[in-house]
Amino acid sequence: MIKEAVRRVRALPILVQDGVLAFVLMALSILSQVDHRPNDPKTDVWSYLLAVVGMGALTWRQSHIYRDAPTLYAATLARNPGCYLCLNNLGTLAARGGEMEEAARFYREAVRIKPDSPEAHNNLGSALAQSGKMAESLPHFEQAVRAAPNYVSARVNFGGVLFRMGRVAEAKAQFEAALRVMPDYGPARQNLAVIERLEAQGRPAP
């Protein structure tokens with residue numbers, strides 16, 4: 001976990017302007033002239049001021065880059081093109097904005113970089129389904145539940161698409177599988193109830 005956190009931090013672009021760097025170096029020069037003694041209040045004050053001013057300056061310089069999530073992910077991606085999590089998150093942001101084609105583009109790239117990611121496959125399947133490409137979405141849902149059999153939201157999404165395509169028995173199997181993992185999962189229970197009600201009434205799926 002720690003190694004992963006360090007890797008992600010290193011992936012962030014370090015943007016230090018010349019003026020800020022000069023200021024930090026000047027502060028270091030002043031600090032080096034202070035006779036350091038353990039627990040010396042003067043030294044502690046200088047150390048604190050250097051840390052606060054230096055970090056404040058760097059934060060101020062980078063604030064325009066990290067002012068929102070899309071720019072943060074884009075900046076990280078520019079430094080580390082293999083960051084599939086950035087692509088996945090950019091896809092999610094696009095999907096939330098209703099831009100399904102753009103979302104699918106990001107998810108496709110995430111799947112290309114990490115083809116065993118169940119989250120990326122589930123998200124790509126959802127984006128494709130919401131764009132009306134239900135048949136194209138199925139292999140991605142299949143891959144998601146194959147890679148993560150207990151991934152209940154992927155199974156519910158998979159079942160929802162199967163149901164819309166008239167493949168009711170397969171849809172029912174996905175909802176039941178989700179409920180075996182999480183018996184109180186509302187979406188799976190509600191969808192299964194719809195199918196059972198249709199079956200009881202002898203009506204075909206819509």
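Bear in mind that the values in this text are calculations on the coordinates, not laboratory data. Just so it is clear, the structure is predicted and the values come from calculations on it, not from any experiment.
Using only the Cα atoms of the stretch 69-201, build the gyration tensor, take square roots of its eigenvalues as a ≥ b ≥ c, and label the shape rounded, prolate or oblate: rounded if a/c is under 1.5, else prolate if a/b is larger than b/c, else oblate. In terms of gyration-tensor shape, prolate. Entry note, the stretch 69-201: relative contact order of 14 percent, from Cα contacts under 8 Å with a spacing of 6+ residues.
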